[in-house]
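**Q** Questions regarding the structure given below will be posed in turn.
The values are calculated or read from the model by the stated rules, or taken from the named source; none is laboratory data. All values reported here derive from a predicted model rather than from experimental measurement. Every residue, glycine as well, gets a Cβ built from its backbone with ideal geometry; the counts of neighbours run over all protein chains shown.
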Amino acid sequence: MRRTLLPRAPRFDPADLVEAGEAYARATSYPIQYQWTLLEGINDSDDELAGIVSLLAGKHAVLNFIPFNAGEGLAFRRPSGERAESMRLRLHLHRHGILTKLRQSAGQDVDQVARLNRIMTGWANYFCLGPVSRAYTALDRHAASRLRRWLCLKHKKAGRSATRFSYEFLYHDLGLVKLSARTRNFPWAKA
């Protein structure tokens, strides 16, 4: 599978790579972090888990499970959250001596914002005639507030969502569209 996905990547035997990582981890007293991108139906089977256990049992390492970020036109799919969590629990430190973490990717956040942008832009294009500046500003505030709330729930963050996810993060990092900025080019859109 690795040769298919990464044809130019160096060829390493996984056992040799883990042994070199273990030697480094013991010399530095810092665990090696291995990343495992989960692809539904490809590398999330019980046989794959048995292979991971045989490679990493007793090693000074952390295994990060990273569910694949699915996208249009890609042949691979992301496993369900339940499947990813059950894989992590089967490899739990107490059962096989392997510390595992299930990572949440930002790709899902960006996909959600892209869907929101398409909806907001579509409505903005439909209702762009007449005085819309105040309406767009109100919609911007509402969309940012709801997106912050969704991000807090998704990432299990407590506290005020405005302090957790700034406007800069929403508009620059995630790419949320700002409708009020679009009205500057509409001579009729001033309230």
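**Q** Is there any pair linking a residue in segment 142-158 that is in the same structural domain as L174 (by TED's automatic domain parsing) and surrounded by 12 or more Cβ atoms within 10 Å (Cβ to Cβ) to one that is modelled with pLDDT under 90 and part of a loop (DSSP other than H, G, I, E, B), with Cβ under 6 Å and at least six apart or on different chains, and which?
**A** Between residues of segment 142-158 that are in the same structural domain as L174 (by TED's automatic domain parsing) and surrounded by 12 or more Cβ atoms within 10 Å (Cβ to Cβ) and residues that are modelled with pLDDT under 90 and part of a loop (DSSP other than H, G, I, E, B), the close pairs are R148/F165; L151/F165.
**Q** Anything in segment 49-87 that is of a type in the set (F, W, Y) and more than 14 Å from Y34 (Cα to Cα)? List them, or say none.
**A** Of everything in segment 49-87, those that are of a type in the set (F, W, Y) and more than 14 Å from Y34 (Cα to Cα) turn out to be F68, F76.
**Q** Out of (1) surrounded by 10 or more Cβ atoms within 10 Å (Cβ to Cβ); (2) farther than 30 Å from Q112 by Cβ, what's the single condition that is false for A9?
**A** Against the list (1) surrounded by 10 or more Cβ atoms within 10 Å (Cβ to Cβ); (2) farther than 30 Å from Q112 by Cβ, A9 comes up short only on (1).
**Q** When only residues in segment 113-136 that are surrounded by 16 or more Cβ atoms within 10 Å (Cβ to Cβ), touching a residue at least 24 places away in the same chain (Cβ under 8 Å) and touching a Leu at 6+ places or on another chain (Cβ under 9 Å) count, which is farthest from L170 (Cα to Cα)?
**A** Residue satisfying both the conditions and the ranking: V132.
**Q** Hey, another quick one. If you take just the helices (runs of 4 or more DSSP H) that sit entirely in segment 1-94, which of them hold at least 2 residues that are of a type in the set (A, V, I, L, M) and not assigned by TED's automatic domain parsing to the domain that holds A114?
**A** Per the criteria, 14-28, 46-56, 81-90.
**Q** Test G175 against the stated conditions and say whether it is on the phi > 0 side of the Ramachandran plot and at pLDDT 85 or above.
**A** In short, yes.
**Q** Mind telling me which of the residues G41, G21 ends up being closer than 27 Å to P79 by Cβ and either charged (D, E, K, R) or crowded, with 16+ Cβ neighbours inside 10 Å (or both)?
**A** Answer to the selection: G21.
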